[in-house]
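What follows is a set of notes on a single structure, which appears directly below.
Coordinate-derived values only; no laboratory data. None of the values given here were measured: they were computed from a predicted structure. Glycine also receives a Cβ, built like all others from the backbone with ideal geometry; neighbour counts cover every protein chain displayed.
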Amino acid sequence: MAFLIIKDSREEYQLRDLPDDMEENGALTVGSDASCDIVLPEGEGFAAVHCKVRWRDGFWALRSVDGMIRVHGVEEQHVKLVEETNYHIGPHTMAFVQDDLDDDDDDDTGDDEEEEAKEDAKEEGRKETATKGERKVITAMDIKRSRKKRKLARKAGAAKMVSLAGQKKESAGSGLFNTLYVLAVVVAAFIAGLTLRYFLMTGHYLPDKW
């Protein structure tokens, strides 16, 4: 199974499967136009139909249409897709992976952390092939981390919503208490005023007879 891992200009990751049944010379278009098979955000140096992902002679390749492909700082018009390499198309970056990707976002066991640690160690040991200014090769682990971050963000957002709902409920209860308190003070002041007036008129605090 082959797929592309794409990191766009917004630092967001996409995973795009490459079809196993692609016909010889078949292609997927990549660009900012909505008609493309793979649509990415507009950006400097990125065309409406920038390039094509082609299946030819038993391998996947990138071919320029209306934009250049940069590999290791060199601009190319046609390159064979291989693993552990970044392909820059305008402000976006893609990598080719020929492997299975575990898509289980709910698996939060220690195995994930061990796998991440191994991947980090592997990345540290990789040969430096990128030119100055290029970032490390994006991998399947990057998209797993991105998904995990989004999942944690969703959980944090849900917790914040629950907290805000509790605050609103508490605020509503406090508001009701304040209203009753003010009402009680007004009633007490009204009764005190009547009592004072009666005393001034009769010299008695309370009527002798009710």
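Listing for the model above:
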| quantity | calculated |
| --- | --- |
| For the range 16-87, with +1 on Lys and Arg beta carbons and -1 on Asp and Glu, the positive-most of GLY26, MET68, VAL49 along the dipole | MET68 |
| Descending Cα extents along the principal axes, the range 1-84, whole Å | 33, 25, 25 |
| Low-density loop positions, GluC sites (Glu not before Pro), the range 1-83 - DSSP coil, at most 14 other Cβ in 10 Å | GLU11, GLU12, GLU23, GLU24, GLU42, GLU44, GLU83 |
| Point-charge dipole on Cβ atoms (K/R +1, D/E -1) for the range 12-94, about Cα centre, debye to 20 | 220 debye |
| GLU84-ARG145 pseudo-label distance in nm [points 7 Å out on the Cα-to-Cβ vector] | 1.8 nm |
